[in-house]
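Notes for the one structure printed next.
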Amino acid sequence: MRALRQTRITLLLGAGAVALSGCASGGRSGNLLPAATFVGSDDVKAEKYIIGPLDQLSIFVWRNPELGAKVQVRPDGMITTPLITDLNAAGKTPAQLADDIRVSLAKYVEDPRVSVMVDSFQGTYAQQIRIVGATEKPAALPYRANMTLLDAMIQVGGLSQYAAGNRARLIRHDKATGEQKEYDLHIARLLKRGDTSANVRLEPGDVIIIPESMF
């Protein structure tokens, strides 16, 4: 009986260890992204910015300042300017929006010349980096050209006290296949040890999930 009881205890301890091992792994995907290289200002490849809801815009009409305006894109993606009501702005580049405004104003002004500047950026959801979980300030950040994990973590104030930064995950939509892919991140290694090999390049639409430590 004694031997049987000891065998049961051993089996239970073994099962517990396996369970804890599975928890500690946090469902790691085994997929890793290559380390980001440090890009010089001359090498930065700027992507075309897509206007999103709540962006602040300045619209200028050459020789017709009264037709310009400072506007905020409404949650429905529309804007209103002098002589133009409910023009869709979200999903367009500033140049595309300027061209649409020019076409609309051509009914009232001969050969209008229009320029659009984005004063504050929100971007569309597809252009944001979303960071959730055990961070100081979970946030949706506008994507910038050549943005890295380090850039994003600085903006949200780093990890929280109980974060399991080395079990973080990055969720990315693969445009080529239409599938969602998952990658392992080692944020604590990057922030606490300064390991630059853990710094990876981000892409528009990335979601970073940071779990809390179980211990």
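Data overview
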quantity	calculated
Residue match in segment 139-152 (condition: without any contact (Cβ under 8 Å) to a residue 12 or more places away in the chain and surrounded by fewer than 16 Cβ atoms within 10 Å (Cβ to Cβ))	no
In segment 29-85, residue modelled with the lowest pLDDT [restricted to those that are aromatic (Phe, Trp, Tyr) and within 25 Å of the chain's Cα centre (by Cα)]	Phe38
Residue in segment 62-95 that is least open to solvent (accessible area, probe 1.4 Å), counting only those that are in contact with a helix residue (DSSP H, G or I) (Cβ under 9 Å, 6 or more places away or on another chain) and part of a loop (DSSP other than H, G, I, E, B)	Ala89
Residues satisfying the stated conditions in segment 186-210, i.e. surrounded by 14 or more Cβ atoms within 10 Å (Cβ to Cβ), within 17 Å of Ala36 (Cα to Cα) and in contact (Cβ under 8 Å) with a residue 60 or more places away in the chain	Thr196, Ala198, Asn199, Val200, Arg201, Leu202, Glu203, Pro204, Asp206, Ile208
Filtered residues of segment 161-181 (kept if closer than 14 Å to Gly133 by Cα, part of a loop (DSSP other than H, G, I, E, B) and open to solvent by 30 Å² or more (accessible area, probe 1.4 Å))	Gln161, Tyr162
Cβ-Cβ under 7 Å pairs, at least 6 apart or on other chains, segment 63-79 side within 17 Å of Thr93 (Cβ to Cβ) and small (Gly, Ala, Ser), far side surrounded by fewer than 16 Cβ atoms within 10 Å (Cβ to Cβ) and at pLDDT below 95	Gly77/Gly91
Selection count, segment 79-130, where residues are in contact with a Phe, Trp or Tyr (Cβ under 8 Å, 6 or more places away or on another chain) and among the charged types (D, E, K, R)	1
Residue check for Ala98: part of a helix (DSSP H, G or I), modelled with pLDDT of 95 or more and within 28 Å of Met78 (Cα to Cα)	yes
Residues that are in contact with a Leu (Cβ under 9 Å, 6 or more places away or on another chain), surrounded by fewer than 16 Cβ atoms within 10 Å (Cβ to Cβ) and in contact (Cβ under 8 Å) with a residue 40 or more places away in the chain, drawn from segment 110-138	Met117, Asp119, Ser120
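The values are calculated or read from the model by the stated rules, or taken from the named source; none is laboratory data. Since the structure is predicted, the reported quantities are computational estimates derived from the model, not experimental observations. Virtual Cβ from ideal backbone geometry, glycine too; neighbours counted across all protein chains shown. These accessible areas exclude ligands, DNA and RNA; they are computed on the full protein's heavy atoms, side chains included. Shrake-Rupley method; radii C 1.70, N 1.55, O 1.52, S 1.80 Å.
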